Amino acid sequence: MQSTVKRDIHSVGESLAINPLESEAVYIFREVIAQFERPVLLFSGGKDSITLVRLAQKAFFPSKIPFPLLHIDTGHNFPETIAFRDQLVEDLGLTLIVRNVQDSIDAGKVIEETGKYASRNRLQTITLLDALDEFKFDAAIGGARRDEEKARAKERIFSVRDDFGQWDEKNQRPELFDFLNGNIDHGQNVRVFPISNWTELDVWSYIHQENIKIPSIYFAHKRPTFFRDGMLWSAQDDVVYRAKDEEVVERTVRFRTVGDMSCTAAILSDADTLEKVVGEIRSSTISERGARIDDKRSEAAMEKRKQQGYF
């Protein structure tokens with residue numbers, strides 16, 4: 001994988017002008033550097049944050065990306081994603097900061113969920129807010145897109161958080177034309193969403209066009225799985241609850257999203273190449289986050305998490 005990644009890095013300077021969405025994202029990255037003192041890129045190892053890394057490379061080429069990556073590790077991430085993250089950081093010579101949800105649990109700041117639907121996904125918020133405060137980051141760049149979920153559709157590209165890290169969806173600044181207002185008071189910070197106007201298909205098409213390397217779990221592979229609540233879960237990892245009567249069967253699956261293992265379901269798929277993945281997304285009638293059980297807890301689950309400081 002290493003040699004392929006290095007070839008991709010060299011190709012960055014060969015294709016700087018691609019499309020309006022890419023140009024907008026590059027502009028946003030440059031505005032971040034112009035308007036903030038301590039930005040950070042929130043990196044999960046998923047396709048959206050990987051795309052952000054490529055866009056940041058283009059924004060600052062031939063220099064290196066001028067800010068660190070921050071990963072909030074739940075301890076329940078897919079092993080393939082963590083291995084990919086570490087390889088990418090090594091290949092690109094980036095600075096990676098990791099903060100662990102387990103440390104927040106051990107400190108008594110959050111309480112581990114229990115039961116059939118237990119997940120650490122929601123617990124990430126406190127760890128994230130603590131990390132932003134620890135390093136005094138004033139801009140946190142994330143890979144959220146408006147097409148993912150209705151709460152994310154309400155976010156501005158420069159989305160202000162108060163001095164408690166919280167979001168007030170009813171008190172947001174207007175964004176007129178391409179004017180991005182990064183003025184903040186002491187203690188506040190801004191979440192920045194360079195690919196807010198992209199769709200899932202835009203992201204996959206861009207990954208295909210740029211031949212960007214992604215974790216193997218995005219491609220079809222054999223995996224022991226079981227059905228619960230109409231969703232297909234990995235039976236490979238003990239952090240995923242499974243009842244004794246839930247039958248494990250090896251199936252050919254892939255993941256459309258790579259969130260916490262305990263809340264991220266797979267889909268049946270034979271898409272084992274980028275071309276097939278793009279074709280599958282193009283014809284799909286199910287939303288990307290339809291495979292995330294944490295979004296199904298209530299009608300406003302995502303909005304409530306974001307108000308508290310979630311990604």
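The values are calculated or read from the model by the stated rules, or taken from the named source; none is laboratory data. For clarity, every value in this text was computed on a predicted model and none was experimentally measured. Positions of Cβ are generated from backbone atoms using ideal geometry, with glycine treated the same way; all protein chains shown enter the neighbour counts. For the accessible areas, the whole protein counts, side chains as well, though only heavy atoms, and no ligand, DNA or RNA atoms are used. Shrake-Rupley method; radii C 1.70, N 1.55, O 1.52, S 1.80 Å.
Residues in the stretch 257-273 that are open to solvent by less than 20 Å² (accessible area, probe 1.4 Å) and either under 18 Å from VAL240 (Cβ atoms) or part of a helix (DSSP H, G or I) (or both): THR257, VAL258, GLY259, ASP260, MET261, SER262, CYS263, THR264, ALA265, ALA266.
Yes or no: GLU210 at pLDDT below 85, open to solvent by less than 70 Å² (accessible area, probe 1.4 Å) and within 20 Å of the chain's Cα centre (by Cα)?
no
Return yes when ILE111 is aliphatic (A, V, I, L, M), over 15 Å from the mean Cα position of the chain (by Cα) and open to solvent by 50 Å² or more (accessible area, probe 1.4 Å) and no when it is not. Considered against the rule, which asks whether it is aliphatic (A, V, I, L, M), over 15 Å from the mean Cα position of the chain (by Cα) and open to solvent by 50 Å² or more (accessible area, probe 1.4 Å), ILE111 comes out as yes.
In the stretch 189-203, the condition of being surrounded by 16 or more Cβ atoms within 10 Å (Cβ to Cβ), more than 18 Å from ILE50 (Cα to Cα) and within 18 Å of the chain's Cα centre (by Cα) is met by at least one residue.
Only helices (runs of 4 or more DSSP H) wholly contained in the stretch 1-108 count here; list those with 3 or more residues that are open to solvent by less than 10 Å² (accessible area, probe 1.4 Å) and either touching a Gly at 6+ places or on another chain (Cβ under 8 Å) or modelled with pLDDT of 95 or more (or both).
Fully inside the stretch 1-108 and qualifying: 20-35, 47-60.
Which of the residues spanning the stretch 133-159 are outside any loop (DSSP other than H, G, I, E, B) and not charged (D, E, K, R)?
Once the filter is applied, which keeps residues that are outside any loop (DSSP other than H, G, I, E, B) and not charged (D, E, K, R), the stretch 133-159 yields ALA139, ALA140, ILE141, ALA151, ALA153, PHE158, SER159.
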